[in-house]
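J.: Take a look at this one; I'll ask things after.
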Amino acid sequence: MSVTNKKAICLYFQVHQPFRLKRYRFFDLGHDHYYYDDFSNESIMRKVAEKCYIPANNLILDLIHKNKGKFKVAFSLTGLVINQFRLYAPEVLESFRQLAETGMVEFLAETESHSLVSIRMRSEFEHQVNAHREMVKEFLGVDTASFRNTELIYSDQIGSWVAEMGFKSMLTEGAKHVLGWKSPNFLYCNSINPRLKVLLRNFVLSDDIAFRFSNRNWSEWPLTTDKYAAWLNKLAPKSELINIFLDYETFGEHNNRETGIFDFLSHLPGAILRKTPYKFMTPTEVADNLQPVSAISVPSPISWADEERDITAWHGNELQVAALDKLYDLTDKVRKCEDKQIRKDWEYLQASDHFYYMATKFFSDGAVHAYFNPYETPYDAFMNYMNVLSDFEIRVNRFIPDIQEQNEISKLNSLIHEKELIIEQQSAELSELKFTSGRKKKKSTNSAKKEGLTSKKTTIKRKSARTSK
């Protein structure tokens, strides 16, 4: 039976850890230029590597071998998590490379910094995506053909940019307010550039695993693979594509081993392959083998966060907007700066996590906002970040002084120079006037003296004449 006659299930995992900032006070500005909490970053990475990344990678590798080409998954590794693997857990990076070598795992492209740049500027967005593609090629040995944006952020415009960069497909959220009566269980395309295929996350089936699996108060607890396969089977008559998109930390970290999450993952491929008509495909295979049913219109950005599935988790209050404005106002200067540490800090400071910690909104999934959050309040997160960013700005300005400021200084220097020339000219004229005036006065005095002598001689002569008479 050909691939096109099969219904597809796409299983995708996001892998990300930010470089968390240390407590940075206002008084540290201009003195301390190292911003990161190395202890927290290393300890959290080691903890998640042992509880999630290593055992889950080993399990998936085993499932790939057991199912002999029938089980496929997709991953997205942020540039920041790749760098943390290199620093703190190189064995994890090696295990991902082993997965890549099976040919059954697709690695997706995204922004290198796990940033929010796509809602700000196209040129920097494309620069970061290209940088990430190079990282995936260097450290995993694979080329990228499909794309997922930070937190699955998507809009018609962002999708059109991604299409023009040559990607075949892009992942995003099957948000209710975007879909309306439509189902997320089909393939769609970008409304501006239909060449880009759009895969929509089935958030109910995804969150059943991610958020509800260990919830004993959930009416469907415990979730078994047979029950899950039955749900998929029920959807099959009216579905072509089921997209299950999860944080990879779902396995072992958000749901610890004792909940049975690894057993669930272990039996999931077999249950789906035996009991449903679905075939595992990667995003690029979906784009190559399924036809989109229609374009999907997304005029304003959506994401997979919170109940609204919008971007207010990172861009929803004045704190977040002010921090993002200040950050991206530095873009042009940073691009001109060749300093390696400046470039690295620029990358690390763009992570969406820093802005997520500033969120003041909490709904049913508010616990997610607190996950690995080092701050007591959003205001603490804002003040700490802005202190770091202010010091970063000072450093950038040392390398690349403010152009407008320099122009103003240049204008003032020119004005001062002109005034000095005028003063010199007027001083010279004044000196000339003094000199001329002095000569005239001396001449006048000499004339007066001569007249005085002549007058005296005349008087003497007259007196002498009178005497001789």
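The values are calculated or read from the model by the stated rules, or taken from the named source; none is laboratory data. Everything numeric here is computed off the predicted structure, so don't read it as measured data. Quick reminder, even Gly has a Cβ in these numbers, built from the backbone with ideal geometry, and neighbours come from all protein chains shown. Only protein heavy atoms, including side chains, enter the accessible area calculation; ligands, DNA and RNA are left aside. Shrake-Rupley method; radii C 1.70, N 1.55, O 1.52, S 1.80 Å.
J.: Using a 1.4 Å probe on the protein heavy atoms only, what accessible surface does TYR278 show? Give it in Å² to the nearest 10.
T.: 10
J.: Hey, what number do you get for the chain at 222 nm if only DSSP H runs of n ≥ 4 count, each worth -39500 (n - 2.57), divided across all residues, to the nearest 500?
T.: Values: 19 runs with 248 residues, N = 469.
So the helix-based figure for the chain works out to -17000 deg cm²/dmol.
J.: Residues with beta-carbon under 12 Å from that of PHE26, excluding PHE26: net charge, scoring Lys, Arg +1 and Asp, Glu -1? Don't skip to the end; give the middle numbers.
T.: Details: positive: ARG23, ARG25; negative: ASP28, ASP32, ASP391.
My count for the surroundings of PHE26 gives -1.
J.: Sequence-distant or interchain residues sharing an amide H contact under 5 Å with TYR36, placed H: which?
T.: LYS22
J.: Once both axes come from the Cα atoms, what is the angle between helix 38-48 and the longest principal axis of the chain, in degrees from 0 to 90, rounded to 10?
T.: 10
J.: Quick one: Karplus J couplings for segment 91-99, per residue in order, coefficients 6.51, -1.76, 1.60, θ = phi - 60°, nearest Hz, x for Gly and Pro?
T.: 5, 5, 4, 5, 5, 5, 5, 5, 5
J.: Also, quick follow-up: Largest first and in whole Å, what are the equivalent-ellipsoid semi-axes of segment 89-164 based on the Cα gyration tensor, each being the root of 5 times an eigenvalue?
T.: Gyration-tensor ellipsoid for segment 89-164: 25, 13, 10 Å.
J.: Expressed as a whole percent, how much of the Cα-Cα distance distribution for segment 248-366 exceeds 25 Å?
T.: Values: 3994 of 7021 pairs.
For segment 248-366, the fraction of Cα-Cα distances above 25 Å is 57 percent.
J.: Continuing with the same structure: Please calculate how many Å² of accessible area the chain carries per residue, with a 1.4 Å probe and no DNA, RNA or ligand atoms counted.
T.: 49
J.: Could you pull out every residue, at least 5 positions away or on a different chain, whose amide H is within less than 5 Å of the one on CYS189? Hs are placed 1.01 Å off N in the peptide plane, and Pro or chain starts have none.
T.: Sorted by chain and number, the residues that satisfy this are VAL198, SER294, ALA295, ILE296.
J.: Let me ask you something else. Enter the accessible area of MET121 (Å², nearest 10), with the probe set to 1.4 Å and all protein chains included.
T.: Using a 1.4 Å probe on the heavy atoms, I get roughly 50 Å².
J.: Using only the alpha carbons of segment 27-103, what is the convex hull's orientation-averaged projected area in square nanometres?
T.: Its average projected convex-hull area is 6.1 nm².
J.: Pairs LYS70/LYS227; LYS72/LYS137; LYS66/LYS197: which are spaced more than 26 Å apart, C-alpha to C-alpha?
T.: Check vs 26 Å cut-off fails for LYS66/LYS197.
J.: Mind checking Rg over Rh on segment 51-184, alpha carbons, Kirkwood formula for Rh?
T.: Using only Cα positions, Rg/Rh for segment 51-184 is 1.00.
J.: Something else: How big is segment 202-248 on each of its three principal axes, counting only the C-alpha atoms and giving the largest first in Å?
T.: Projected onto the principal axes, the Cα atoms of segment 202-248 cover 31, 21, 14 Å.
J.: On to the next question. Any idea what the relative contact order of the chain is, in percent, if you count C-alpha pairs under 8 Å spaced at least 6 apart?
T.: Reported relative contact order: 19 percent.
J.: Over the alpha-carbon set of segment 108-227, divide Rg by the Kirkwood Rh and report the Rg/Rh ratio to two decimals.
T.: 1.05
J.: If amide hydrogens are placed 1.01 Å from N in the peptide plane, which non-local residues have theirs closer than 5 Å to the one on ASN243?
T.: CYS10, ASN202
J.: How far, in nm, would the chain grow between GLU258 and ARG216 when pulled straight, counting 0.36 nm per residue and subtracting the alpha carbon separation? Each step should come with its number before you reach the end.
T.: Details: separation 42, 0.36 × 42 = 15.12 nm, distance 1.32 nm.
That works out to 13.8 nm of additional length.
J.: Further question on the same structure: To check my understanding: the extent here is largest minus smallest coordinate of the Cα atoms along each principal axis. What are those three numbers for segment 65-127, in Å, largest first?
T.: 45, 28, 13
J.: Highest first, please rank the peptides 154-160, 37-43 by the mean number of other Cβ atoms sitting within 10 Å of their residues.
T.: Going by the mean number of other Cβ atoms within 10 Å, highest first, we get 154-160, 37-43.
J.: A follow-up question, please. Would you work out the charge dipole size for the chain about its Cα centre, treating the Cβ of every Lys and Arg as +1 and the Cβ of every Asp and Glu as -1, and quote it to the nearest 20 debye?
T.: Here the size comes out at about 4420 debye.
J.: Full extension from TYR34 to LEU433: what is 0.36 nm times the residue separation minus their Cα-Cα distance, to one decimal in nm?
T.: Extra length from TYR34 to LEU433 when fully extended: 137.2 nm.
J.: Now, a different point. Over 20 Å intervals from 0, what percent of Cα-Cα pairs in the chain sits in each interval?
T.: 21, 46, 14, 5, 5, 5, 3, 1, 0
J.: Between 0 and 90 degrees, rounded to the nearest ten: what's the tilt of helix 403-468 against the longest Cα principal axis of the chain?
T.: That helix lies at roughly 0 degrees to the long axis.
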